[in-house]
4 protein chains.
Amino acid sequence: MRIGKNLKLSVKTVDSENRVVTVGDLEVGSDLFIVIAGPCSVESREQILDVAREVKKAGAHMLRGGAFKPRTSPYSFQGLGVEGLKLLAEAREETGLPVVTEVMAPEQVRVVSEYADVLQIGARNMQNFPLLREVGRCRKPVLLKRGLWATVEEWLCAAEYIMVEGNLDVILCERGIRTFEKATRNTLDLSAVALLKHVSPLPVIVDPSHGTGVRELVPSMARASAAAGADGIMVEVHPRPEEALSDGPQSLRFEEFRRLMEGLRPVVEAVGRRV
Amino acid sequence: MRIGKNLKLSVKTVDSENRVVTVGDLEVGSDLFIVIAGPCSVESREQILDVAREVKKAGAHMLRGGAFKPRTSPYSFQGLGVEGLKLLAEAREETGLPVVTEVMAPEQVRVVSEYADVLQIGARNMQNFPLLREVGRCRKPVLLKRGLWATVEEWLCAAEYIMVEGNLDVILCERGIRTFEKATRNTLDLSAVALLKHVSPLPVIVDPSHGTGVRELVPSMARASAAAGADGIMVEVHPRPEEALSDGPQSLRFEEFRRLMEGLRPVVEAVGRRV
Amino acid sequence: MRIGKNLKLSVKTVDSENRVVTVGDLEVGSDLFIVIAGPCSVESREQILDVAREVKKAGAHMLRGGAFKPRTSPYSFQGLGVEGLKLLAEAREETGLPVVTEVMAPEQVRVVSEYADVLQIGARNMQNFPLLREVGRCRKPVLLKRGLWATVEEWLCAAEYIMVEGNLDVILCERGIRTFEKATRNTLDLSAVALLKHVSPLPVIVDPSHGTGVRELVPSMARASAAAGADGIMVEVHPRPEEALSDGPQSLRFEEFRRLMEGLRPVVEAVGRRV
Amino acid sequence: MRIGKNLKLSVKTVDSENRVVTVGDLEVGSDLFIVIAGPCSVESREQILDVAREVKKAGAHMLRGGAFKPRTSPYSFQGLGVEGLKLLAEAREETGLPVVTEVMAPEQVRVVSEYADVLQIGARNMQNFPLLREVGRCRKPVLLKRGLWATVEEWLCAAEYIMVEGNLDVILCERGIRTFEKATRNTLDLSAVALLKHVSPLPVIVDPSHGTGVRELVPSMARASAAAGADGIMVEVHPRPEEALSDGPQSLRFEEFRRLMEGLRPVVEAVGRRV
């Protein structure tokens, strides 16, 4: 499968038309449009349980939350670490929502795998090749975020690093690229999603929270993601965004998340899927 | 209206919540999702009449076509000029479709106004201030394309140059910005559309043909545009794209345009509009 | 001449190894490293005469100053127009410095030509093709600034628009491109200068004032421009930058310009030229 | 020290005006302009010894060479690993040149430290925070390359991750950022070098090989780096670039490197330094 004049892909490992990645009972890449929701960082037991219950009630399928946090400055909050992983597991226990959380270094893969259902590779680590190989040797699905600087071709090559080690359960996540435009935090590249659905069998989800950095734009871009052919979205939700330790301006309040889900449903159905 | 931490807007001229721009019987910025279709360049009488009939039949509301063509190289086809304008007028006469066509210089405004229903300012001319002022002194609606380099703020300032001369009938058109990604011709910035619907009263349409440069991606991005809140789209259609004098790789064949319209309708309706 | 894997140039008009553009007694593109200095905008008779005398004394070869100003917002100072041209001519009369000033529209070419020695095409107008053709029909040298979005290839194609009309006296001016980096106003692309000296016979100068937008960086980047192989520089100088009507933060005070010249000389000589 | 309107720096660890980083007998950040040269990858004993002797003879101060190679595709040559480190140490033994080589993962820091004199953090790992912390706990100088996507502010924050662990011997290396321009591999941002010399005490060197990706441009950009105020350069040299396993098009032949050194010297001296 090849379109566009400039794309030279070398995806060798996966040959099927569409790869479906199974997470518990969920099939990512099927007709079910997957919604992953949760706070940027796990901040406390109360916070993560509260969010987990609310997003479950509103219809989310998985819970996100960062325990190991890559932050631009070493003086910013760096996450609760293993304590955060335990709180995520507790939230899963209560709600049944599978957990997506980031792993930042090869030596963290073992411990994060004990608690997480999906291992997230953050944008900054998209070309951290030792880390990619390590999650490739793991039996957990991997959510691979696009680097802020990465072409679609480089992104697919990064997925190859995981797959070449034997782990074919890779979910791609578009989260915006870095451009000159500063009214939004990044530029969400939905064309890349449409392109990937033509050139790769891997499921693709979209993170409109990081993609825009602006809470008010998240619901529109969630709908646009579904219409562009994405297999799901990942959005940040926080009980009180103004008090969040990270990414407050792009986090939705509970009520806003509920309205996002309501507005999303008809669009998902209009493209022949369910949510 | 103000969202996002970086946006400092100075839109002074228009105060209403939403501006509706009237073109013949059509209202751009209303609940009607506007579809503008046609070839990149008017190439011959047969070609433009053929396209006009077919896009009309498939449900398009306006006809696009370039008579004065800004081309990167002086050795490329430069358009049919006034002869092209006459052919567009003939196509309108036969089909009833209002005509959108580009004007490239202040001294062309008068002649283009005689034939066109909407004056298009191309991306390269977004900050051609004497041209903006000249169309601002004209009584025709203006479709203002975003420059490949332009922030949302600069784009709105360009609209101000038109409005400050008295012409408030400005339609913004997102058509992709220039980034490092080369798998697509440009990076279509749908977040900018969602943002504009919050910070500006002007109608916003999207050009997924230039935005992606890849024919196969145009239908998905047309649907995504509707879902993101755009007021319409502009797409390139050609009887035989492989023979087109410009933009062949991004032009849809008639059958492809019909399928685009079919796939678009449910998404438009899912966001509470009609097409 | 062809280097680099991606550059496909179509420069047809000029065949000589190096084109020297003559302005009065000066030869741009010779072993003389040309320094063009002056305010962003002509603001008053006193201001422009004052600057002209000072930059002349410090060793500048030409005077720059804007009479017709392209500004992002229609509410910003738009320049003194023809009155500004007359003041520039008066400054030339007194100091002997040839004048470089911008022309923004085809219909301004005649009047600007009456006063200017070199017609400047601003970055925003790099692909204003009717304007390029009009200065191409003129007998004055043209200084063609690179667009913020323009590849080297597109820039050379823009020069072709001028040359194809018969005017081969084109001077290219690198002035920074738009990137994600916001600590500087633009990203000055000196590699493009080195590249152009390999692939094009046209003289190339650099504008480190717009290229950085930060006064303190201008002297270093002036030296770097000379070392990279540029044929000259263009810098903004103002008697009191804090009161400037445009571009104050990137304008040098008189004393700063004198020190720039002192630091520049040894570098120019180190690459075998004189200033 | 603070210039430019957008730069918000939080460098807390280093207070001195200028930090000099000592590598063997060499002082990086002093009046000596440091030249680091060598192949992209260590490919064989013969190759690395050959290059080491030649660059030493031509005046280089340190030897570069990759043993652990981060490559876009997992199917490309990945480096000789520890065997490569041993060959680098052998080359140092023979020539006396200190060795700069990349470390890609926290668990490699110990072994790379045994052989290297300077630990290089590659562009892709600029925000690999566990790796930054690990080299911060090491007593070897660190050469921190700028990420393709990184602002100057983020780059300085990355340096903080190293310094906060106690290792203040950080050398910054500008190597080009990713922009729309494709005639060069990256856009070398020399303004960032000039800026850093105003806002940070850390030494800054430039890599014009990666910065341009085009062999013919490397000598000009080496000179421009010196003129812009850099404390040194790092360039790729290979006996037969057409047979190189990586980065051939940007590698200099021996004779080309000798000429680069000859052309560089007068510019270095023109800015009051020696090489």
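No lab work stands behind these numbers, since they all come straight from the coordinates. Quantities reported herein were computed from a predicted structural model and do not represent experimental measurements. Note that we place each Cβ from the backbone using ideal geometry, even for glycine, and neighbour counts take in every protein chain shown.
Efficiency by 1/(1 + (r/R0)^6): what FRET value for D:Glu46 and D:Glu114, r their Cβ-Cβ distance, R0 = 22 Å, to the nearest 0.05? So the FRET efficiency works out to roughly 0.40.
As a length-normalised measure over Cα pairs under 8 Å and 6 or more apart, the relative contact order of chain D settles at 21 percent.
Just to confirm a number: summing +1 for Lys and Arg and -1 for Asp and Glu over residues other than B:Asn186 whose beta-carbon lies under 11 angstrom from that of B:Asn186, what do you get? That sum, taken over residues with Cβ under 11 Å, equals 0. Counting neighbouring beta carbons within 10 Å and listing from fewest to most, the residues D:Glu90, A:Glu262 come out as A:Glu262, D:Glu90. Taking only the Cα atoms of the protein assembly as shown, the ratio Rg/Rh comes out at 0.96, with Rh defined as the Kirkwood radius. The ranking of D:Phe77, A:Phe129 by Cβ neighbour count inside 10 Å, starting from the fewest, reads D:Phe77, A:Phe129.
The phi-based Karplus calculation (6.51 cos²θ - 1.76 cosθ + 1.60; θ = phi - 60°) puts the 3J(HN,Hα) values of region A:134-151 at 5, 5, x, 8, 9, 9, 9, x, 10, 9, 9, 6, 6, x, 4, 10, 8, 6 Hz, whole numbers, x for Gly and Pro. Ranked from shortest, the separations from the 7 Å Cα-to-Cβ label point of C:Glu27 to its equivalents in the other copies are 4.5, 7.0, 7.7 nm.
In this structure the amide hydrogen of C:Val275, modeled in the peptide plane, comes within under 5 Å of the amide hydrogens of C:Phe33, none closer than 5 places in sequence on its chain.
When each of A:Arg133, B:Arg45, C:Arg178 is scored by the number of other beta-carbon atoms lying within 10 Å, the sequence from fewest to most is B:Arg45, A:Arg133, C:Arg178. For A:Met234, the residues whose modelled amide H falls within less than 5 Å of its own, excluding neighbours fewer than 5 places apart on the same chain, are A:Ile36, A:Val206, A:Asp207.
DSSP beta bridges fully contained in chain C are about 15 percent antiparallel.
When the listed pairs B:Lys86/B:Lys145; B:Lys145/B:Lys197; D:Lys69/D:Lys145; B:Lys57/B:Lys140; C:Lys69/C:Lys197; A:Lys69/A:Lys145 are checked against a 19 Å cut-off, the alpha-carbon distance exceeds it for B:Lys86/B:Lys145; B:Lys57/B:Lys140; C:Lys69/C:Lys197. Helical runs (DSSP H, four residues minimum) scored at -39500 (n - 2.57) apiece and divided by the length of the protein assembly as shown put the mean residue ellipticity at 222 nm at -11000 deg cm²/dmol. Taken about its Cα centre, region D:21-270 carries a charge dipole of about 320 debye when Lys and Arg each add +1 at the Cβ and Asp and Glu each add -1 at the Cβ. Mean projected area of the convex hull spanned by the Cα atoms of region D:185-236, taken over all viewing directions: 3.2 nm².
When the Cα convex hull of chain C is projected onto planes of every orientation, the mean area is 13.2 nm². When every Cα-Cα distance of region D:151-214 is counted in 10 angstrom steps from zero, the calculated P(r) takes the values 21, 48, 25, 6, 0 percent.
Summing charges over all other residues whose Cβ lies under 13 Å from the Cβ of C:Leu264, with Lys and Arg as +1 and Asp and Glu as -1, gives +3. Taking 7 Å steps out from each Cα toward its Cβ at C:Glu243 and D:Glu107 produces label points 6.8 nm apart.
Label-to-label distances for D:Glu256 across copies, nearest first, come out at 3.8, 4.1, 5.3 nm, using points 7 Å from Cα in the beta-carbon direction. Could you tell me how far the Cα centroid of region C:226-273 sits from the Cα centroid of region B:204-234, in Å? Result: 46 Å between the Cα centres. With R₀ set to 41 Å, the beta-carbon distance separating B:Glu256 from D:Glu83 gives a calculated FRET efficiency near 0.15.
Taking every DSSP beta bridge that has both ends in the protein assembly as shown, the antiparallel portion is near 15%. Counting only Cβ charges, +1 for Lys and Arg and -1 for Asp and Glu, the dipole size of the protein assembly as shown around its Cα centre is about 0 debye.
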